[in-house]
Structures are given as C-alpha cells and as structure tokens.
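The values are calculated or read from the model by the stated rules, or taken from the named source; none is laboratory data. Bear in mind that the values here come from a model prediction, so they are computed numbers and not experimental data. Cβ sites come from the backbone with ideal geometry, for glycine too, and all protein chains shown count toward neighbours.
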Amino acid sequence: MTVRVAIAGSTGSIGTQTIGVIRAENAREPGSYAVAALSAGGANIETILAQIEEFRPEVVSIAREDARREVAALTTGVLVTSDSEDIVESADVVVNSVVGFAGLEVTVETLQAGKRLALANKESLIAAGPVVQPLLSIPGAEIVPIDSEHCALHQCLRSSFEPEREVRRLLLTASGGPFRGKVADELAGVTVESALAHPTWAMGPKITVDSSTLMNKGLEVIEAHELYGTPYDQIEVVVHPQSVVHSMVEFSDGSTIAQLSMPTMHLPIGYALGYPDRTRVPFGAIDWTTLSRLDFEPPDRETFRCLDLAYQAGRAGGTAPAWLSAANEVAVAAFLSGKVRWNAIADVCVDVLERHDGATPVCVADVIEADQVARRIAEEIVDQQ
C-alpha cells in the first residue's frame, strides 16, 4: 500500500531530507510513498518548483502571497493555496518540519484530522502541550517524533509493556555542540560562523544555534515530558560527543536500552514515515569494526544556562514553555543578525521568564497570545542590549 505523505516545510533541512528518504525508499520498493502535498514559506521558489515537477503533489501551500502567485502561474494540475489544512486532508502522514512556533497550526490540524504527525517541529508541542495533549485522544491521531533523541526513546520504549511502571529514567544525549569544553569567558566573542559550525550534525541555522547554547537539549527535555509523560526529575541529559547513542531508557531492574546509529536525520525520518514498520534502506548503519569509542560526560550547566532554563519553564508549566520558546526564537534571530552577543541569548530568556504571568492555556488562541506577549517582551529586551 502506498503511504501518502504531506511535507510541511518542504524546502528546509528536514523537508529536503524527507524528500531524500522517499526517493531512496521508492528506489528500493517502487510505490512505497507518494508525496501528496507540500508546503513552504515561499523564500525558495526554485526548490518548491523542482519538488512539484518531480512528485506532482495534489496540493501545495505557500505562505507568502507573491511566491504563491508565482508558483500558481508556473504550475498546472496542482491546487496552490495558503491554507495548511488543505495539505493535511490529502495525506496519511504529515511531516511537520516548519521552523519554530509557526509550526503550531500544522500540528493542531493534523491531530484534529486524526492523522499521524511525524513531528520535527518541537516548538509547537513545547509551547502548546496543554492544548495538544487532548487532541491525542482523537481516533487515529498520533505523534511519531523525528528528533533523533525522541525517535530513539520511542524505539527503546517499545521494549516495555508497562512504561509507566517500568521506566526509571530517560537519558537524552547531547553532542555538546561546537563549544563543548569551553567556559563562559572563552565564549564572550562567539561569532555567528563559529556557532553554526556543528561538529556532527548538518541542520538549519536556528536549531544549530540552539545546539550551541544547549537550548535545543533543554527544549527536548520538555518535549520528552510531553511525548511520554515522564516527570522532569526522571529526565536527564548526558553529553555524548560522537552522536552515535541517540538516547537511552533505564528501566526499574537496572537495564538500559539505547538506540545507536551514525548521525543522520534520514533514519528518524524513515522511522516516522514507516511506523510501525521499518524502512528497507539502512540509513545510519554502523561499521562496528571502526567505531572505537563512545564517550559520556555531564553537561556544563553553569556555562550553558539555557538547559536549566528549560527545566525551570517545564516545571512551571502553563504558558512558561511557550514564553521560553518565543524568547529564544527572538534572541537567536537577533544573534544571527548581529544585534546581540551569543551570551545574550540566555540573558534574554532569563529576563523574559522572570516576567511570566503564570497563565495556563486552554485553547490555541491562548497559546498564540502567550507567544505574542513573550515576543514583545523579548524584542524590548533585545533593543536595550
């Protein structure tokens, strides 16, 4: 049976890698997957047009009006729209690889439609956890994470019949990013170029900067809590620079089960597309004759303050994770544009969280309002830097 896939954020890093997985799987077993729908912001017209030409999707959603008109003028037999709901309707699986809070709409609409959500957009779950969780009771609605760490946890937890009783702790691995081993004084003059030079992963700029501050790992702690219901005191982070062990689950009897593969996003993408089956293409297979060592160390929480900020926001609950995510997006954008120093990313997030109003969201509108309020505060703080 052909699995019909919609890719939200198809021209970005995860989107284009999803295209690569589909190509590889269809080359191995023709007709395994069909690209039913695509969506993109509109900044990369050439890429979206090439994807349309190759896969002939039924629906293409483009956010920018000028880009949407251009794509509509250059294509035939394709519904070109601005509504992300249209891409959800045409698919069995929706890959949400939209960057940042903008991915919330796709997350909510996919689950409301009772579809599988292959989730690479962690911010929507982190910011809107209290709103997203009830949607998982809709028949057919499920989340299979694309983050390598949460995909690893998902696979490890399949070994347990009663995770609520048997799981002692979740262990999320972190590469440590480009600044592992450095102290705060050494990071005062960090450049954008150095922050984007990740030692093991090829990712988009926002998530790469998040990796350099360990905010990415902190947000993943919140995401793990939302995905698996594990209390924060039972979610730990360990630095593993080789990025071969993607995460681990320790069980009540002392056993630890880990998922290992070479660092590639193709494996978790393929896992999410094919679940509960596995892909036929061996993405990330290890040559055990050349893998000489696996190192682990605790994170430096004093230098990389964003990790503990995420624990703080997660434990506070309500809209605190949404405030943190919004503040971080604003601060990272300011760093990438040269407005603030790398060290100021954590400073902005601290200042925003100190002003959190303690609200709890009950609907999507509440989450959107929380995001907007936090962004305004973060922008004011950035302007004062």
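A few remarks follow.
- Among residues of the range 128-164 being among the hydrophobic types (A, V, I, L, M, F, W, C), in a helix (DSSP H, G or I) and out of contact with any strand residue (DSSP E or B) (no Cβ under 8 Å at 6 or more places or on another chain), the one that is farthest from Ala370 (Cα to Cα) is Leu135.
- Hits in the range 49-75 - residues which are basic (Lys, Arg) and in a loop (DSSP other than H, G, I, E, B): Arg56, Arg64
- Selected residue [surrounded by fewer than 23 Cβ atoms within 10 Å (Cβ to Cβ), without any contact (Cβ under 8 Å) to a residue 12 or more places away in the chain and of a type in the set (Lys, Arg)] from Arg165, Arg169, Arg158, Arg180: Arg158
- Residues of the range 313-359 satisfying the condition of being outside any helix (DSSP H, G or I), more than 11 Å from Ala127 (Cα to Cα), in contact (Cβ under 8 Å) with a residue 24 or more places away in the chain and not charged (D, E, K, R): Gly338, Val340, Trp342, Asn343, His356, Gly358, Ala359
- Test: residue in the range 90-103 that is at pLDDT below 95, buried (at least 16 other Cβ atoms within 10 Å of the Cβ), over 14 Å from the mean Cα position of the chain (by Cα) and closer than 21 Å to Leu273 by Cβ: yes
- Contact annotation: residue pairs with Cβ atoms under 9 Å, 6 or more positions apart or on different chains, pairing a residue in the range 279-290 that is farther than 13 Å from Leu267 by Cβ with a partner that is among the aliphatic types (A, V, I, L, M) and modelled with pLDDT of 95 or more, are Asp287/Met262.
- Number of the condition not met by Thr208 [criteria: (1) touching a residue at least 40 places away in the same chain (Cβ under 8 Å); (2) touching a Phe, Trp or Tyr at 6+ places or on another chain (Cβ under 8 Å)]: (1)
- Exclusive hit being among the aliphatic types (A, V, I, L, M), farther than 13 Å from Asp147 by Cα and either under 19 Å from the mean Cα position of the chain (by Cα) or at pLDDT 90 or above (or both), set Val221, Val190: Val190
- Counted residues, the range 1-48 - those being part of a loop (DSSP other than H, G, I, E, B) and within 20 Å of the chain's Cα centre (by Cα): 5
- Of all the listed residues (Ala50, Ala43, Ala27), the sole one being under 22 Å from Thr208 (Cα atoms) and either touching a Gly at 6+ places or on another chain (Cβ under 9 Å) or surrounded by fewer than 23 Cβ atoms within 10 Å (Cβ to Cβ) (or both) is Ala43.
- Ser124 vs. criteria assigned to a helix (DSSP H, G or I) and of a type in the set (S, T, N, Q): yes
- No other residue among Val249, Val244 is out of contact with any helix residue (DSSP H, G or I) (no Cβ under 7 Å at 6 or more places or on another chain), of a type in the set (A, V, I, L, M) and more than 30 Å from Thr2 (Cβ to Cβ) apart from Val244.
- Filtering Ile269, Ile207, Ile222, Ile235 for residues that are crowded, with 17+ Cβ neighbours inside 10 Å, within 21 Å of Arg23 (Cα to Cα) and among the aliphatic types (A, V, I, L, M) leaves a single hit, Ile269.
- For Val350, the criteria (1) among the aliphatic types (A, V, I, L, M); (2) surrounded by 18 or more Cβ atoms within 10 Å (Cβ to Cβ); (3) within 23 Å of Leu187 (Cα to Cα) hold in every case but one, which is (2).
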